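As structure tokens, the structure follows; a few thoughts come after it.
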Amino acid sequence: MIYLWTALSLGLVSNFHCLGMCGPIALAIPVKSNTFSSRLGSILLYNLGRISTYALIGAIFGFFGKGLFLMGIQQQLSIVIGALIVASAILILANRKVDLFSKIIPSKFVVLKSKMQKYLRQKGYFNNFILGLLNGILPCGVVYFALMGALATGGVVSGILFMTLFGVGTLPVMVLLPWIKDYLTTGFRQKLQRTVPVMLLIFGSLLIVRGANLGIPYLSPKVEKTKTTTTDNEPQKEECTVKCCH
């Protein structure tokens, strides 16, 4: 449960980081009329599409995480992922550029933003939802960190919940942006962006603790290997059992 709260918190602190990538698109969302209800409905559907994409990708990463859990290496994976996130957070805090994913992102995703232009020229609520779906695929470092967390959850449902809550955490600024953009000065945004590496540091540390097998309920569940005795002609099998919820 603590990791779901972490997902929500990560989304909240990444609000102002999202402005650089998604802000211009959010401001350019086409609306049928310039009324408050029309604009709000368009923005909500756009963000619903964006979060739906996050949830779908979270399911995929959670599925692979479940496979790793069944292989008995999820704890090691949790430690490795946590260490990578902590190292990235330290580099960001040290004012070093972190670009871990640029070499593995297909070029077609990098140009996806330009291909979304046709949807920005069409009005309609369904069109706004599709625009949000496509926006969820855009490269974003914080989203990638969140997906690493979804992988570490070790389950399809938990992966969906993790990414959904992360998306919900990004909603406040993304929804209110058209009405508060004049108050978001560059200095104010830069100050709030400094909270992102701090949250990543906490998030990575939690993943390391989770994989440390400390026997702390919900935080670091104890995983023990138990031997199952079979017939004389069959070898003994080892099974991993979790003694408390994670």
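Annotations
- Residue match in region 150-169 (condition: among the aliphatic types (A, V, I, L, M) and modelled with pLDDT under 85): no
- Residue match in region 216-223 (condition: at pLDDT 65 or above and in a helix (DSSP H, G or I)): no
- For residue 123: the one exception among (1) at pLDDT below 70; (2) touching a Pro at 6+ places or on another chain (Cβ under 9 Å): (1)
- Tally of residues being in a helix (DSSP H, G or I) and either among the β-branched types (Val, Ile, Thr) or within 8 Å of the chain's Cα centre (by Cα) (or both) across region 129-152: 10
- Test result for residue 50, of a type in the set (Lys, Arg) and modelled with pLDDT of 90 or more: yes
- Extreme residue, nearest to residue 179 (Cα to Cα), among residues of region 23-41 that are surrounded by fewer than 12 Cβ atoms within 10 Å (Cβ to Cβ) and small (Gly, Ala, Ser): 37
- If you go through region 143-196 and keep only what is polar (S, T, N, Q) and either on the phi > 0 side of the Ramachandran plot or touching a residue at least 24 places away in the same chain (Cβ under 8 Å) (or both), you end up with 153, 158, 164, 170, 193, 195.
- Filtering region 65-86 to residues that are loosely packed, with under 15 Cβ neighbours inside 10 Å and either hydroxyl-bearing (Ser, Thr, Tyr) or part of a helix (DSSP H, G or I) (or both) leaves 67, 70, 76.
The values are calculated or read from the model by the stated rules, or taken from the named source; none is laboratory data. These numbers come from a predicted model, not from an experiment. No Cβ is skipped: glycine too gets one built from the backbone with ideal geometry, and neighbour counts run over all protein chains shown.
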